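A short worksheet on the structure shown next.
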Amino acid sequence: MGRVVLVTGISRDIGRRFARAAAADPSIDRVIGVDAVPPRGDIGDVSFVRADIRNPVIAKVIAKEDVDTVVHMSLIATPGSAGGRGTMKELNVIGSMQLLAACQKSATVERLVVKSTTTVYGSGPRDPAMFTEDMGPKRLPSSGYGKDVYEIEGYVRGFARRRPDVDVTMIRAANVVGPHVTSPLTGYFRLPVIPRVLGFDPRLQLLHEDDLMRVLRHAATSGIPGTFNVAGDGVMTLSQAVRRLGKPSVALPGFAVGRLGATMRQARVSDFSPEQLGFLTYGRGVDTTRMRTELGFEPRFTTAEAFADFCRELVPAREGA
């Protein structure tokens, strides 16, 4: 018998694409996609169940479908897409707590995979060159997506202690890019003029969307527990990225970039958050040794290759230039 996998957040493109990829895996028998609203686009052989993970009804879905593997992908990074910061926090934190409570009560769940993010480390002037999985942020996040993820990871660790019989895998993915990705960072790179923080050239570490699909599928089928940084090889500086985009950029003082970001956020031009301003000032690097030696995963795209694929979608005419 193959595995029965429940995927949260299937109404978002990244969740829908992962669910379809998982359904094509011969070691997986069935995939159930869960969300409060139906997904847009073809979901193939995935069974959709309309359910809000903030509601205890998710426990009934897990029990009814005999789910043995849960892949939690419904963390939202942008308040605008959630309808405001309050709703975003409720969906992220309350939804995750309800899902973990349902998994804790379940007699069938054997594996839990949580898509987390390297944003949990933050970005600051005293950061190490490379964060390992055993390190925490130099300063605890006080708001936004980073704070949500930090809290959720704490709840996941608590769940792992209470249910040692369940293999819990946390994937701390670097910033994901690719032709189909909509995120604060890809929105930033899609701006006609790229604002940069004067006097800073941060290091960027990226993960291609296809590698994100692959690592989540690998985690769901291998059942290797632990927390893993996942990123493509190498780093890029922001100035290198801007040159490869072929777009004009303007260097502004940090406070001016912050005000510009707030204006764009209010105008819904870009979901430019204070934590993104920190990232575009100081950057971030993560060590991926454990990804290879323990998880047994190797990304197909380097950071530079992932960004090049993203650029091809933005400026196809430049390929022959």
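The values are calculated or read from the model by the stated rules, or taken from the named source; none is laboratory data. These figures come from a predicted structure and were not determined experimentally. Virtual Cβ from ideal backbone geometry, glycine too; neighbours counted across all protein chains shown. Just so you know, the surface numbers come from the protein's heavy atoms only, side chains and all, with ligands and any DNA or RNA stripped out. Shrake-Rupley method; radii C 1.70, N 1.55, O 1.52, S 1.80 Å.
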How about the stretch 128-169: which of its residues are among the small types (Gly, Ala, Ser) and surrounded by 14 or more Cβ atoms within 10 Å (Cβ to Cβ)? GLY144, GLY146, ALA160
Evaluation of ARG172 against (1) crowded, with 19+ Cβ neighbours inside 10 Å; (2) outside any strand (DSSP E or B) (one fails), failing number: (2)
Over the stretch 117-167, the set of residues among the basic types (Lys, Arg) and assigned to a loop (DSSP other than H, G, I, E, B) is ARG126, LYS138, ARG139, ARG163
Tabulated pairs, the stretch 308-321, first closer than 18 Å to VAL242 by Cβ, second open to solvent by 100 Å² or more (accessible area, probe 1.4 Å) and at pLDDT 75 or above, C-beta under 8 angstrom, 6+ apart or interchain: ALA308/ARG244; CYS311/ARG244
Quickly run through the stretch 271-300 and pick out the residues that are in a loop (DSSP other than H, G, I, E, B), out of contact with any strand residue (DSSP E or B) (no Cβ under 9 Å at 6 or more places or on another chain) and at pLDDT 90 or above. GLY296, GLU298
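Residue check: is ARG40 under 20 Å from HIS180 (Cβ atoms), at pLDDT 90 or above and open to solvent by 30 Å² or more (accessible area, probe 1.4 Å)?
no
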Qualifying positions in the stretch 229-270 - open to solvent by 40 Å² or more (accessible area, probe 1.4 Å), at pLDDT below 90 and within 23 Å of the chain's Cα centre (by Cα): ARG265, ARG268, VAL269
Looking only at the stretch 102-111, count every residue that is in contact with a helix residue (DSSP H, G or I) (Cβ under 6 Å, 6 or more places away or on another chain) and not in a helix (DSSP H, G or I) and tell me the total. 2
Identify, from the list THR182, THR186, the residue that is in contact with a helix residue (DSSP H, G or I) (Cβ under 9 Å, 6 or more places away or on another chain), among the hydroxyl-bearing types (Ser, Thr, Tyr) and either under 21 Å from VAL113 (Cβ atoms) or part of a loop (DSSP other than H, G, I, E, B) (or both). THR182
Only residues in the stretch 133-156 that are farther than 22 Å from PRO184 by Cα count as the first member; pair them with residues that are small (Gly, Ala, Ser), Cβ under 7 angstrom, at least 6 apart or cross-chain, and list the lot. LYS138/GLY122; LYS138/GLY124; TYR155/SER96
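Limited to the stretch 99-127, what total is found for residues that are farther than 28 Å from ASP68 by Cα and either touching a Ser or Thr at 6+ places or on another chain (Cβ under 8 Å) or surrounded by 13 or more Cβ atoms within 10 Å (Cβ to Cβ) (or both)?
Going through the stretch 99-127 one residue at a time, the tally reaches 6.
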Somewhere in the stretch 207-230, is a residue of a type in the set (Lys, Arg), touching a residue at least 60 places away in the same chain (Cβ under 8 Å), more than 16 Å from ARG292 (Cα to Cα) and in contact with a helix residue (DSSP H, G or I) (Cβ under 7 Å, 6 or more places away or on another chain)? no
Tally, over the stretch 119-136, of residues that are at pLDDT 95 or above and hydroxyl-bearing (Ser, Thr, Tyr): 1
Consider the stretch 96-118. How many of its residues are hydrophobic (A, V, I, L, M, F, W, C), farther than 28 Å from SER183 by Cα and touching a strand residue (DSSP E or B) at 6+ places or on another chain (Cβ under 8 Å)? 2
Failed criterion for ARG20 (all others in (1) surrounded by 16 or more Cβ atoms within 10 Å (Cβ to Cβ); (2) touching a strand residue (DSSP E or B) at 6+ places or on another chain (Cβ under 7 Å) hold): (2)
